[in-house]
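What follows is a short report on a single structure.
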Amino acid sequence: MLQIERVKLELDQEEGLLRQKAVAALRVPEGELLSVQVLRRAIDARDGVRFVYTLRAEVKNEKNVLRRCKNKNVSPVSETPYRLPAPVSPPERPPVVVGAGPGGLFCALALARCGARPILIERGRDVERRRRDVERFWETGRLDGESNVQFGEGGAGAFSDGKLNTGTRDTRHRFILETLVSHGAPESILYDARPHVGTDYLRRVLVSMRRELEALGCEIRFGHRLTGLETANGVMAALDIMGPEGPYRLPAENAVLALGNSARDTFAMLHAAGVPMEPKPLAVGVRIEHRQADIDLARYRALAGHPRLPAASYKLSCHLENGRGVFSFCVCPGGEVVAAASEPDRVVTNGMSCYARSGSNCNGGLLVGVTPADFPDSGPLAGIAFQRELEERAYAAGGGGFLAPAQRVEDFLLRRASAGPGSVLPTCRPGVTWSNLWEVLPEWLCRSLADALPVLDRKVRGYAAPDAVLTAVETRSSCPLRILRGEDGQSAFRGLWPCGEGAGYAGGILSAAADGLRTAEKVLAGM
């Protein structure tokens, strides 16, 4: 197979022309091109706006074509597809996977497809009931501590934009994307440079994956929370579980900890049980919200609003003189800001959008890098205490009911309280309380945000527009600790397998799912 890079189409050109473009790039007669496939599609808005493709082509006499075409954008490619490990006989004690986020789901899927018949434990509810619980929370401010944006089938990603970006390369990624598509995700995630599923499609995918897991013999237990570990001579023996009918003991020689990054009570239990862990850096800040039309104009200029162009996004960062890094995170074009708390009396914000990204606003995290030196002490759980303090400040400033404190950018830069919105109407549910964030968040955090805004505005015009809305506080961008594991994937307790984002080994849906597969491979190797 041959790969052809940097194939460009103008906005008024149809994708049917890609075959013709491939023929020209390869310098072959039409009949020698056997097939052409889109591997990647991106938008280049640096000089005008156009689509840029990477294609994979099958041709007759590949060696001759490659020697003859002399095109630097054409190269041979061979990729070994990811394969699951060999099947195993179901063990007497099935492996237990704790957590039904992307890491846990793909770990359980790999175990189930290989015949291990795992048990999947999830403290929250299935996605259908969870959706009703979350909608009720956003409408009324009544939080269910076990079924919310953080806990339940699909993890926190089930109420997000469903982005599948990652900075790493892994043969598992294609397998994950194809699996998601087979369960109902849009086929565009296979080739878009910035693939996203959208929260609406994610819910359908989760239901379909659950049905496959159950058909393969995986036992799924919703509403069951891990409360303790039982070990013998440093080896896993059983898990203590709190279920709907009360506590029980679950024998387990292999237990995968695919916890979400908000499982704070579970982290405390594991720390008390002697599971080695360490604090790690994270980032905290606010959601910043603009009119989507303004972001489209900044990115696409005169072509903003073109029917073939998606809602525009951005990726921004800067390094300040105070040594802090400030960056955009989890940008949700055409989305909304939502309450994402999992504990009472603490406000947390996040962004969410559906696949169509058709909302009137664009929002994204505006975060400041934090290191363990910023935490109140040096223990493994210090980052959680740091997060909680910010969330409690935001709850108090919001006035209760999980209303989030918000401020216009112009007022924020002038350090004065906002009295109400301008042209950007906040989408945050259940609502906002207009505030002065300088009185809510630490001085160093506000100062870093204030210093970064004009710098980022030079990269995307209008980013620091007076009416843009800052909503506090975003604290759950990543886990503030890491559960230590060895090269073999196990904790110091043999048979205990830390996995995914909550364990500190991933950052997002795709990388967490890949770590879930990686962990399943190691568990299966020992069976």
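The values are calculated or read from the model by the stated rules, or taken from the named source; none is laboratory data. Keep in mind it's a predicted model, so treat the numbers as computed, not measured. Heads up, the Cβs are rebuilt from the backbone with ideal geometry, glycines too, and the neighbour counts pull from every protein chain shown. Just the protein is used for accessible areas: all its heavy atoms, side chains included, with ligands, DNA and RNA removed. Shrake-Rupley method; radii C 1.70, N 1.55, O 1.52, S 1.80 Å.
Here are the numbers:
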| read-out | value |
| --- | --- |
| Yes/no for residue 50 being out of contact with any Gly (no Cβ under 8 Å at 6 or more places or on another chain), closer than 30 Å to residue 115 by Cα and modelled with pLDDT of 95 or more | no |
| Every residue from region 478-489 that is at pLDDT 95 or above and either touching a Gly at 6+ places or on another chain (Cβ under 9 Å) or open to solvent by 40 Å² or more (accessible area, probe 1.4 Å) (or both) | 479, 480, 481, 482, 483, 484, 485, 487, 488 |
| Which listed residue, of 359, 369, is part of a strand (DSSP E or B) and either surrounded by fewer than 17 Cβ atoms within 10 Å (Cβ to Cβ) or modelled with pLDDT of 95 or more (or both) | 369 |
| Failed item, numbered, when residue 6 is tested on (1) open to solvent by 70 Å² or more (accessible area, probe 1.4 Å); (2) at negative phi; (3) charged (D, E, K, R) | (2) |
| Test: residue in region 291-302 that is open to solvent by 30 Å² or more (accessible area, probe 1.4 Å), assigned to a strand (DSSP E or B) and not acidic (Asp, Glu) | yes |
| Residue in region 415-431 that is hydroxyl-bearing (Ser, Thr, Tyr), under 20 Å from residue 138 (Cβ atoms), open to solvent by less than 10 Å² (accessible area, probe 1.4 Å) and in contact (Cβ under 8 Å) with a residue 24 or more places away in the chain present | no |
| Positions within region 156-179 being open to solvent by 10 Å² or more (accessible area, probe 1.4 Å), outside any loop (DSSP other than H, G, I, E, B) and within 25 Å of residue 82 (Cα to Cα), in sequence order | 157, 163, 171, 172, 173, 174, 175, 177, 178 |
| First in region 17-35 and without any contact (Cβ under 8 Å) to a residue 40 or more places away in the chain and of a type in the set (A, V, I, L, M), second anywhere and assigned to a helix (DSSP H, G or I) and loosely packed, with under 13 Cβ neighbours inside 10 Å, Cβ under 7 Å, 6 or more apart | 23/30 |
| Count of region 309-341 residues which are of a type in the set (Ser, Thr, Tyr) and either buried (at least 24 other Cβ atoms within 10 Å of the Cβ) or out of contact with any Phe, Trp or Tyr (no Cβ under 9 Å at 6 or more places or on another chain) (or both) | 1 |
| Residue among 130, 169 that alone is modelled with pLDDT of 95 or more and charged (D, E, K, R) | 130 |
| Failed condition for residue 87, given (1) in a loop (DSSP other than H, G, I, E, B); (2) more than 27 Å from residue 195 (Cα to Cα); (3) open to solvent by less than 10 Å² (accessible area, probe 1.4 Å) | (3) |
| Region 397-441, residues that are charged (D, E, K, R) and over 21 Å from residue 335 (Cβ atoms) | 410, 411, 415, 416, 439 |
| Meets criteria (in contact with a helix residue (DSSP H, G or I) (Cβ under 7 Å, 6 or more places away or on another chain), at pLDDT below 95 and not in a strand (DSSP E or B)) for residue 64 | no |
| All positions within region 260-281 that are of a type outside the set (Lys, Arg), in a loop (DSSP other than H, G, I, E, B) and modelled with pLDDT of 95 or more | 262, 263, 273, 274, 275, 276, 281 |
| Matching option when the condition is in a loop (DSSP other than H, G, I, E, B), open to solvent by less than 10 Å² (accessible area, probe 1.4 Å) and on the phi > 0 side of the Ramachandran plot, among 152, 115, 124 | 152 |
| Matching entry among 194, 221, 204, 211 (being touching a residue at least 12 places away in the same chain (Cβ under 8 Å) and assigned to a helix (DSSP H, G or I)) | 204 |
| Filter pass, residue 255 being surrounded by fewer than 20 Cβ atoms within 10 Å (Cβ to Cβ) and at pLDDT 95 or above | no |
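Each row is one residue, and each column tells you yes or no for (1) small (Gly, Ala, Ser); (2) surrounded by 15 or more Cβ atoms within 10 Å (Cβ to Cβ); (3) in contact with a helix residue (DSSP H, G or I) (Cβ under 8 Å, 6 or more places away or on another chain).
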{"residue": "212", "(1), (2), (3)": "no, yes, yes"}
{"residue": "218", "(1), (2), (3)": "no, yes, yes"}
{"residue": "223", "(1), (2), (3)": "yes, yes, no"}
{"residue": "229", "(1), (2), (3)": "no, yes, yes"}
{"residue": "236", "(1), (2), (3)": "no, yes, no"}
